[in-house]
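Comments concern the structure below.
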Amino acid sequence: MEKLTNKEEEIMRVLWKLKNAFVKEVVAQLPIPKPHYNTISTIIRNMEEKGFVNHIAFGKTHQYYPSITKEEYRKMFMHKTIQHYFENSYKNVVSFFAKEEKISVDELKEIISIIEKSQKNKK
């Protein structure tokens, strides 16, 4: 499954929030300036072709819903990001955030604690 574009991700966040929606409901949730209805309809249909969205037909109208959960997409996105930008190393990811001062010592300790608990549960 390929990565979503920025606009597609914005629409997916709306669909994850609403669970299911008609195009007009998606448009209503988007920031101003509101994109045109037909533009959003086309983007959603493209997302459906990519396998991210499905629909229920009500005559000529479609109600769309996510076919992938936010968690599933996050895992896929993070895996590809780590693979392409961090040489497939989670250590490089954590180091990056530490160097950028985006993670604190307390947060790192919490991560270590989570890892230790996870390893104890596997035994």
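Read-outs throughout are calculated quantities, based only on the coordinates presented, and are distinct from any laboratory measurement. Owing to the predicted nature of the structure, the values given are computational and were not obtained by experimental measurement. Cβ placement follows ideal geometry from the backbone for every residue including glycine, while neighbour counts extend to all protein chains displayed.
Would you mind computing, in nm to one decimal, how far apart the modelled labels at Thr69 and Glu116 are, each placed 7 Å from Cα along Cα→Cβ?
The modelled label-to-label distance comes out at 2.9 nm.
Pulled fully out, how much extra length does the chain show between Leu30 and Glu87, if you take 0.36 nm times their separation in residues and subtract their Cα-Cα distance? Please report the intermediate quantities before stating the final value.
Details: separation 57, 0.36 × 57 = 20.52 nm, distance 3.54 nm.
Here the answer is 17.0 nm.
Over its Cα atoms, what ratio of radius of gyration to 2.2 N^0.38 Å does region 48-119 give?
Rg over 2.2 N^0.38 Å, computed on Cα atoms: 1.67.
Can you sort Met76, Met47 by how many other beta carbons sit within 10 Å, fewest first?
On the way: Met76 15, Met47 24.
The most exposed by this proxy come first: Met76, Met47.
Loop only by DSSP, 12 or fewer other Cβ within 10 Å of the Cβ. Give me the GluC sites (Glu not before Pro) in region 18-123 that pass, ordered by residue number.
On the way: sites: Glu25, Glu48, Glu49, Glu71, Glu72, Glu87, Glu100, Glu101, Glu107, Glu110, Glu116; in loops: Glu87, Glu100, Glu101.
Sparse-neighbourhood loop GluC sites (Glu not before Pro): Glu87, Glu100, Glu101.
Compute the distribution of all C-alpha to C-alpha distances in the chain, in bins of 5 Å from 0, and list the percent of pairs in each, rounded to whole numbers.
For the chain, the pair-distance distribution reads 2, 9, 16, 16, 14, 11, 11, 10, 7, 4, 1, 0.
Using R₀ = 25 Å, calculate the FRET efficiency as 1/(1 + (r/R₀)^6) where r is the Cβ-Cβ separation of Lys17 and Phe97; round to 0.05. Display every interim value, and only then the final one.
Details: r = 27 Å, r/R0 = 1.08.
E between Lys17 and Phe97, to the nearest 0.05, is 0.40.
For Ala57 and Glu107 in one chain, what is 0.36 nm times their gap in residues minus the Cα-Cα distance, to one decimal in nm? Let's see the in-between values first.
Working: separation 50, 0.36 × 50 = 18.00 nm, distance 4.65 nm.
So the chain would gain 13.3 nm between Ala57 and Glu107.
With 27 Å as the limit, write out which pairs from Lys19/Lys122; Lys17/Lys50; Lys19/Lys120; Lys50/Lys75 have Cα-Cα distances beyond it, or answer none. Let's see the in-between values first.
Working: Lys19/Lys122 34 Å; Lys17/Lys50 20 Å; Lys19/Lys120 36 Å; Lys50/Lys75 17 Å.
The answer is Lys19/Lys122; Lys19/Lys120.
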